[in-house]
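Let me begin by presenting the structure, written as structure tokens, before commenting on it.
The values are calculated or read from the model by the stated rules, or taken from the named source; none is laboratory data. Computed from a prediction, not measured in an experiment: that's the story for all the values here. Positions of Cβ are backbone-derived with ideal geometry, glycine not excepted, and every protein chain shown enters the neighbour counts.
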Amino acid sequence: MKLLKNKQGFTLIEIMMVVCVLSIFFAIIYNYLGFNFRYLDDRSDEHDYYLEARIAMGRIKQLLLNYNQLQVDVTAQTITATRLADDPNDEGELTDQLINFNKNTTDLTDFRYYLYCPACAGTGGLCTHTDHVYQIRSGGHVLVKGIKEFSVSLNDDNNVAELHIRVVNPNDSNDPGLVLNSGVRVYRKVVSN
């Protein structure tokens, strides 16, 4: 009987080496992809908060543009507005309370928009914690979460109400956040068609 000396095939050690190399390769790829997916998921959440803040700023600005005159109380951090009657059958000027930027945890349903602190809910009075994350609400509905700062000021000429919103990702304490600024003229002339 003749022995075949040049058999084609792999030894057990060669197969084990290939399996080890492939295992290491796939472990590296898995960790790399897992990290990237977690990073993208975190950035997606952050983007959602920023988008909500932009939408809230747009809604508030659009609301303010519907009025002829805005009264900005920088001390109380509130905006009230007057809409002049454009119909002779109207009863005259209409004054509405629009925005309360105070960190008030009591019922603020008289205002169209207000800042609400879920951490201080039910305690009454004002929330003064700077580390809390707030919500902008309209009625009982949450418009945007993750608000760190929400304020109003007047420019140097006192003719433009400047709105400031700083939104952060509430799940990331190190997030520096995004600052949104917008302005609306306090007095406007309404042109009717």
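Worth pointing out:
Here is a yes/no grid of residues against (1) part of a loop (DSSP other than H, G, I, E, B); (2) modelled with pLDDT of 80 or more; (3) farther than 24 Å from Asn68 by Cβ:
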| position | (1), (2), (3) |
| --- | --- |
| Ile147 | no, yes, yes |
| Asp156 | yes, no, no |
| His164 | no, yes, no |
| Asn171 | yes, no, yes |
| Pro176 | yes, no, yes |
| Leu180 | no, yes, yes |
| Val184 | no, yes, no |
| Val190 | yes, no, no |
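- Subset of the stretch 125-141 [more than 19 Å from Asp172 (Cβ to Cβ) and not charged (D, E, K, R)]: Gly125, Leu126, Cys127, Thr128, Ile136, Ser138, Gly139, Gly140, His141
- Members of the stretch 150-168 that are under 23 Å from Cys127 (Cβ atoms) and either touching a residue at least 24 places away in the same chain (Cβ under 8 Å) or surrounded by 17 or more Cβ atoms within 10 Å (Cβ to Cβ) (or both): Phe150, Ser151, Val152, Ser153, Leu163, Ile165, Arg166, Val167, Val168
- Checked across the stretch 165-181, the condition of being farther than 22 Å from Arg54 by Cβ, out of contact with any strand residue (DSSP E or B) (no Cβ under 6 Å at 6 or more places or on another chain) and among the charged types (D, E, K, R) holds for no residue.
- Of all residues in the stretch 122-134 being surrounded by 19 or more Cβ atoms within 10 Å (Cβ to Cβ) and within 20 Å of Ala76 (Cβ to Cβ), the one that is modelled with the highest pLDDT: Tyr134
Yes/no matrix, rows are residues, columns are (1) in a helix (DSSP H, G or I); (2) at pLDDT below 70:
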| residue | (1), (2) |
| --- | --- |
| Phe37 | yes, no |
| Ser44 | yes, no |
| Leu51 | yes, no |
| Arg54 | yes, no |
| Lys61 | yes, no |
| Thr82 | no, no |
| Ile99 | no, no |
| Thr109 | no, yes |
| Leu115 | no, no |
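- Tabulated pairs, the stretch 54-77, first at positive phi, second part of a loop (DSSP other than H, G, I, E, B) and of a type in the set (A, V, I, L, M), C-beta under 8 angstrom, 6+ apart or interchain: none
- Flag if Gly139 is modelled with pLDDT under 75, closer than 24 Å to Tyr50 by Cβ and either buried (at least 19 other Cβ atoms within 10 Å of the Cβ) or over 17 Å from the mean Cα position of the chain (by Cα) (or both): yes
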